Amino acid sequence: MALRNINFILQKQPYIFENNIKVFYTKFNDPVYVKQEKVDILVKVADEKNCGQIINELKQYASDVDAELVTASIKAIGFIVRKVESAAQNAADAISLIVKEAIGGLALQDSVVVARDILRKFPGKYEKLLVDDVLKKASEFYEVEAKASLLWIAGEYADQKTKVCKKIIQQYAEDFLQEPDPVKLQVLTASVKLYLKKPEDSEDLIQGLLKKATEEV
């Protein structure tokens, strides 16, 4: 109840607890609903002075045994980047580490979504840190938003990483009919981007995909 009331207070006075952020770090024996409330508070108290410290703490939660905390903490990193632009470097470093260390699970699914958001918001800044590691894990994404985020990255950087991006887009194009609609749309968009950037490498791919999309879906 105390945490919930603090959360309400922060909606009006977001800086009132900025010097006491460590009291909102989770403890291993906290119930998961308390952990989630604390993560939500950490997002609200994040500012230019403490965002690096908060992101480093959230990064630790990505390997927690509570799946809900893993998802909440990685999404929180994304929220902080949108709220505090100076947090971008810390966030990119944290997401890069999570992507490298995660094997298949929820941490990887959630981190690729945040990686996409960082790349989209800060074009030309964090490609070297994020793109290669995400593309290497292409076969390990299974959630809808994670797949869509991977395809956005593959389409966006198809001119720089043509071989691997084309392979990813081709694989999804082959399974096009089995994918959910948000993934279908990203396959189409990524294929068009690939064709506009590398028409000599992808004419057959885009023609086949458009035929399939218009005649079979």
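A few notes on this one:
- Rounded to the nearest 10 degrees, the angle from helix 162-174 to the longest Cα principal axis of the chain is 80 degrees.
- For the stretch 101-154 versus the stretch 156-183, the gap between their alpha-carbon centres in whole angstrom: 13
- For a label point 7 Å along the Cα-to-beta-carbon line of K49, residues of the stretch 1-42 with backbone N under 20 Å: 7, 9-25, 41-42
- Length gained on full extension, V23 to E215, computed as 0.36 nm times the residue gap minus the Cα-Cα distance: 63.3 nm.
- Shape of the stretch 1-94, Cα gyration tensor, a/c cut at 1.5: oblate
- Surface composition of the chain: carbon and sulfur atoms hold 52% of the protein heavy-atom accessible area at a 1.4 Å probe.
- Proximal charge balance of I41 [Cβ under 15 Å; K/R count +1, D/E count -1]: +3
- Packing-based ranking, highest mean first, of 181-190, 38-47, 135-144 given that Cβ atoms within 10 Å are counted: 38-47, 181-190, 135-144
- Signed unit charges on C-beta, dipole axis of the chain, positive-most listed residue I54, I206, V192: I54
- Aspartates and glutamates with Cα under 15 Å of K212, excluding same-chain neighbours fewer than 8 positions away: E174, D175, E179, D181, E203, D204
- Positive dipole terminus of the chain, leading residue within A92, V65, V45 (C-beta point charges): V45
- Ranked from largest, the principal axis spans of the Cα set of the stretch 40-89 equal 30, 16, 14 Å.
- Overall form of the stretch 89-172 per C-alpha gyration tensor (a/c, 1.5; a/b vs b/c): oblate
- Reachable aspartates and glutamates from K75, criterion Cα separation under 14 angstrom, eight or more residues apart if same chain: E37, D40, E57, D110, D117, E145
- Cα centre as origin, Lys/Arg/Asp/Glu Cβ charges: the stretch 24-71 dipole, Debye: 120
- Each Lys and Arg contributes +1 and each Asp and Glu -1, all at the Cβ; summed about the Cα centre of the stretch 120-217, the dipole is approximately 460 debye.
- Stokes-Einstein D for the stretch 1-41, Kirkwood Rh over Cα pairs, 37 °C, 0.692 mPa s (µm²/s): 311
- Entry comment: accessible area of the chain is 52 Å² per residue, from protein heavy atoms only and a probe of 1.4 Å.
- Between the residues V144, L130, V113, the greatest Cα displacement towards the positive end of the dipole of the stretch 107-150, with unit charges on the Cβ of Lys, Arg, Asp and Glu, is found for L130.
- Between the beta carbons of T162 and T189, assuming R0 = 22 Å, the FRET efficiency works out to 0.85 to the nearest 0.05.
- The Stokes-Einstein estimate for the chain, based on a Kirkwood radius over Cα pairs and taken at 10 °C with 1.306 mPa s viscosity, is a diffusion coefficient of 86 µm²/s.
- Size of charge dipole - the chain - debye, nearest 20, with Cβ of Lys, Arg +1 and Asp, Glu -1, no other charges: 560
The values are calculated or read from the model by the stated rules, or taken from the named source; none is laboratory data. Everything numeric in this text was worked out from a predicted model, so none of it was measured. Cβ sites come from the backbone with ideal geometry, for glycine too, and all protein chains shown count toward neighbours. In case anyone asks, the SASA skips ligands and DNA or RNA and just uses the protein heavy atoms, side chains included. Shrake-Rupley method; radii C 1.70, N 1.55, O 1.52, S 1.80 Å.
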